[in-house]
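A.B. asks: Dropping the structure in here first, questions after.
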Amino acid sequence: MSSGVRMSQDGNLSTMTKAYAKWAPFYDAIYARILRQGRADAVRAALECGREILEVGVGTGLSLGDYPEGYRITGIDLSKPMLDRAAEKIAAQGLKAVKGLAVMDACRLGLRDAAFDAVVGQYMITLVPDAEMALDEFARVLKPGGEIILVNHLGAEGGPVAILQRAIAPIARRIGLSSEFQLGRIRAWAHGAGFEMASAKRVGLTGFFTLVRLKDRRAAAQAAEAA
Ligand SMILES: C[S@@+](CC[C@H](N)C(=O)[O-])C[C@H]1O[C@@H](n2cnc3c(N)ncnc32)[C@H](O)[C@@H]1O
């Protein structure tokens, strides 16, 4: 990566850290309900993959209570104040599935290779300027055959919805709902990295958010290349 890109990533980290330090006390009051369906769908998908799960950008831990005992959840986030709220929930609710929380950047995970059955990113991937670098890290820590599961608002790639989103983009950006990050960007990464986009489904009645499941097919891709 060029040093210019690294500097812009580092600048973003500091902006993001400051922003979420301010958000932490109010986050649950504003986002607990409106983002709930996507969180529940993402957790349900992750539970199908296996017991060892990484939640990247876990925030205040609103999803942690949805993981049953017997699973082993690691949560990481850039923001310590957000993680402090998650730690309070774990203690107050006695959440036994949570193995640990750590302050970490999604693009530089201090975690070993091939450790997780699923890597989950809820409402976070569009906040990372170099999303592909984060996805590379998710792939690195994923066990062979595992899944990356993302839920987010993603811009439509074409049709009337894309036209409408472009029209309201200046207002949407001001309230943190940019549609500039499109599903195609994730599809392109998956294609190049040996992952299959197993599904990309609109969430809930409004369909404003999309749940994306990326299945690791690296072994099959390597075998086909070698043949
Ligand atoms: C919109 S909140 C979502 C929190 C939680 N996943 C939820 O569903 O409520 C986005 C979270 O991503 C975290 N975040 C943003 N950029 C990150 C990065 N590069 N690495 C790790 N976490 C990041 C923020 O600190 C924040 O807690």
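The values are calculated or read from the model by the stated rules, or taken from the named source; none is laboratory data. These numbers come from a predicted model, not from an experiment. For neighbour counting, all protein chains shown are included, and Cβ atoms are generated from backbone atoms with ideal geometry for every residue, glycine included. Just so you know, the surface numbers come from the protein's heavy atoms only, side chains and all, with ligands and any DNA or RNA stripped out. Shrake-Rupley method; radii C 1.70, N 1.55, O 1.52, S 1.80 Å.
A.B. asks: If you take just the helices (runs of 4 or more DSSP H) that sit entirely in region 131-214, which of them hold at least 2 residues that are in contact with a Phe, Trp or Tyr (Cβ under 7 Å, 6 or more places away or on another chain)?
C.D. replies: On the way: elements: 131-141, 159-174, 183-193.
Answer list for region 131-214: 131-141.
A.B. asks: Hey, G65 hits all of (1) within 28 Å of G204 (Cβ to Cβ); (2) in contact (Cβ under 8 Å) with a residue 40 or more places away in the chain but one; which does it fall short on?
C.D. replies: Going through the list (1) within 28 Å of G204 (Cβ to Cβ); (2) in contact (Cβ under 8 Å) with a residue 40 or more places away in the chain, G65 breaks only (2).
A.B. asks: Of the residues A46, A42, A24, which single one is within 19 Å of A102 (Cβ to Cβ), touching a strand residue (DSSP E or B) at 6+ places or on another chain (Cβ under 9 Å) and either open to solvent by less than 40 Å² (accessible area, probe 1.4 Å) or modelled with pLDDT of 95 or more (or both)? Give the steps one after another, and end with the answer.
C.D. replies: Working: A42 fails: within 19 Å of A102 (Cβ to Cβ); A24 fails: touching a strand residue (DSSP E or B) at 6+ places or on another chain (Cβ under 9 Å).
The unique qualifying residue is A46.
A.B. asks: Now for a different question. Any idea which of G61, G65 is within 9 Å of the ligand (Cβ to nearest atom), small (G, A, S) and modelled with pLDDT of 95 or more?
C.D. replies: Details: G65 fails: within 9 Å of the ligand (Cβ to nearest atom).
Matching residue, one of G61, G65: G61.
A.B. asks: A follow-up question, please. Note down all Cβ pairs under 7 Å where the first residue falls in region 12-23 and is near the ligand (Cβ under 10 Å from one of its atoms), the second is in a helix (DSSP H, G or I) and at pLDDT below 95, and they're at least six residues apart or on different chains.
C.D. replies: Correct list of pairs: M16/L127.
A.B. asks: Follow-up question, since we're still on this one. Hey, can you tell me all the residues within region 70-83 that are open to solvent by 60 Å² or more (accessible area, probe 1.4 Å) and either within 12 Å of the ligand (Cβ to nearest atom) or in contact with a Leu (Cβ under 9 Å, 6 or more places away or on another chain) (or both)?
C.D. replies: The initial filter retains those residues of region 70-83 that are open to solvent by 60 Å² or more (accessible area, probe 1.4 Å), namely 72, 80.
Result: K80, single match.
A.B. asks: Which one of R140, R202 is open to solvent by 60 Å² or more (accessible area, probe 1.4 Å) and under 25 Å from R112 (Cβ atoms)? Reasoning before the result, please.
C.D. replies: On the way: R202 fails: under 25 Å from R112 (Cβ atoms).
Of the residues listed, the single one that is open to solvent by 60 Å² or more (accessible area, probe 1.4 Å) and under 25 Å from R112 (Cβ atoms) is R140.
A.B. asks: Another question, then. (1) open to solvent by less than 50 Å² (accessible area, probe 1.4 Å); (2) closer than 22 Å to R36 by Cβ; (3) touching a residue at least 40 places away in the same chain (Cβ under 8 Å): which one isn't true of L95, the others all being true?
C.D. replies: Here L95 meets the rest and fails (3).
A.B. asks: Just need a number here: residues in region 104-123 that are surrounded by 20 or more Cβ atoms within 10 Å (Cβ to Cβ), in a strand (DSSP E or B) and within 14 Å of the ligand (Cβ to nearest atom).
C.D. replies: Summing the residues that are surrounded by 20 or more Cβ atoms within 10 Å (Cβ to Cβ), in a strand (DSSP E or B) and within 14 Å of the ligand (Cβ to nearest atom) in region 104-123 gives 5.
A.B. asks: Let me ask another. Say whether the condition of being near the ligand (Cβ under 9 Å from one of its atoms), modelled with pLDDT of 95 or more, closer than 25 Å to M16 by Cα and not in a strand (DSSP E or B) is met by at least one residue in region 87-103.
C.D. replies: First pass over region 87-103, keeping only residues near the ligand (Cβ under 9 Å from one of its atoms): 103.
Checking the rest, the ones that are also modelled with pLDDT of 95 or more come to 103.
Now narrow it down to the ones that are closer than 25 Å to M16 by Cα: 103.
From what is left, the residues that are not in a strand (DSSP E or B) are none.
No, because not a single residue in region 87-103 is near the ligand (Cβ under 9 Å from one of its atoms), modelled with pLDDT of 95 or more, closer than 25 Å to M16 by Cα and not in a strand (DSSP E or B).
A.B. asks: Pull out all pairs, ordered by first then second residue, where Cβ-Cβ is under 8 Å, the residues are six or more apart or on different chains, the first lies in region 154-173 and is open to solvent by 80 Å² or more (accessible area, probe 1.4 Å), and the second is at pLDDT 75 or above and assigned to a helix (DSSP H, G or I).
C.D. replies: The qualifying pairs are E157/L183; E157/G184.
A.B. asks: Any idea which of E196, E147 is under 16 Å from the mean Cα position of the chain (by Cα) and surrounded by 13 or more Cβ atoms within 10 Å (Cβ to Cβ)? Reasoning before the result, please.
C.D. replies: Values: E196 fails: under 16 Å from the mean Cα position of the chain (by Cα).
Exactly one of E196, E147 is under 16 Å from the mean Cα position of the chain (by Cα) and surrounded by 13 or more Cβ atoms within 10 Å (Cβ to Cβ), namely E147.
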